[in-house]
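Undergrad: One structure, as structure tokens, below. Some questions next.
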Amino acid sequence: MGESVPREKIKWFPTIDYDKCTGCLSCVNFCHFNVYSIEGDPPKPKVVNPYNCMVGCEGCAKACPANAISFPSREELKRMLQEAKTSS
């Protein structure tokens with residue numbers, strides 16, 4: 001079996017650009033992992049459980065019509081995984 005990397009060592013989670021976010025909440029409705037909460041008036045998504053995010057998933061970003069959500073690049077993800085494996 002392969003090595004298991006603790007989830008907390010992988011900084012994979014969404015970042016919201018609030019200058020672009022329209023508050024449509026498509027991201028909240030898409031995510032099944034309880035990463036987001038809804039806060040404010042008008043309501044906007046907020047990342048409250050970043051380590052609930054499934055590593056490699058970008059579904060909420062693809063669901064966002066305003067392109068307001070970003071993730072680390074695949075190269076950054078590979079680097080994070082390598083660093084996490086060598087430091088465990």
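What follows draws every value from the coordinates through simple rules; no lab data is involved. As the structure is a prediction and not an experimental result, all values here were calculated from the model. Cβ placement follows ideal geometry from the backbone for every residue including glycine, while neighbour counts extend to all protein chains displayed.
Undergrad: In whole Hz, with x marking every Gly and Pro, tabulate ³J(HN,Hα) for region 18-31 from phi via Karplus 6.51 cos²θ - 1.76 cosθ + 1.60, θ = phi - 60°.
TA: Values per residue, Gly and Pro as x: 6, 6, 9, 4, 9, x, 6, 6, 4, 5, 5, 5, 6, 6 Hz.
Undergrad: Roughly how tilted is helix 74-87, in degrees to the nearest 10 and between 0 and 90, from the longest Cα axis of the chain?
TA: With both axes taken from Cα atoms, the answer is about 40 degrees.
Undergrad: At a temperature of 10 °C and a viscosity of 1.306 mPa s, determine how fast region 21-67 diffuses translationally according to Stokes-Einstein, using the Kirkwood radius over alpha-carbon pairs as Rh; express D in µm²/s, rounded to the nearest whole number.
TA: So the translational diffusion coefficient is about 147 µm²/s.
Undergrad: Do any cysteines of the chain lack a neighbour Cys whose Cβ is under 4.7 Å away, and which are they?
TA: CYS21, CYS24, CYS31, CYS53, CYS57, CYS64
Undergrad: Relative contact order of the chain: what whole-number percent is it, with Cα pairs under 8 angstrom and at least 6 residues apart?
TA: 39
Undergrad: Please give the calculated 222 nm ellipticity per residue for the chain, where each DSSP H segment of at least 4 residues contributes -39500 (n - 2.57) and the sum is spread over every residue; nearest 500 deg cm²/dmol?
TA: Taken over the chain, the calculation gives -7500 deg cm²/dmol.
Undergrad: Could you tell me the number of lysine pairs in region 7-66 with C-alpha atoms less than 18 Å from each other, where the two lysines are 8 or more residues apart or belong to different chains?
TA: For region 7-66, the number of qualifying lysine pairs is 6.
Undergrad: Using all C-alpha to C-alpha distances in the chain, build P(r) with 5 Å bins and read off the rounded percent in each one.
TA: The calculated distribution, bin by bin, is 3, 15, 24, 22, 16, 10, 7, 4, 1, 0.
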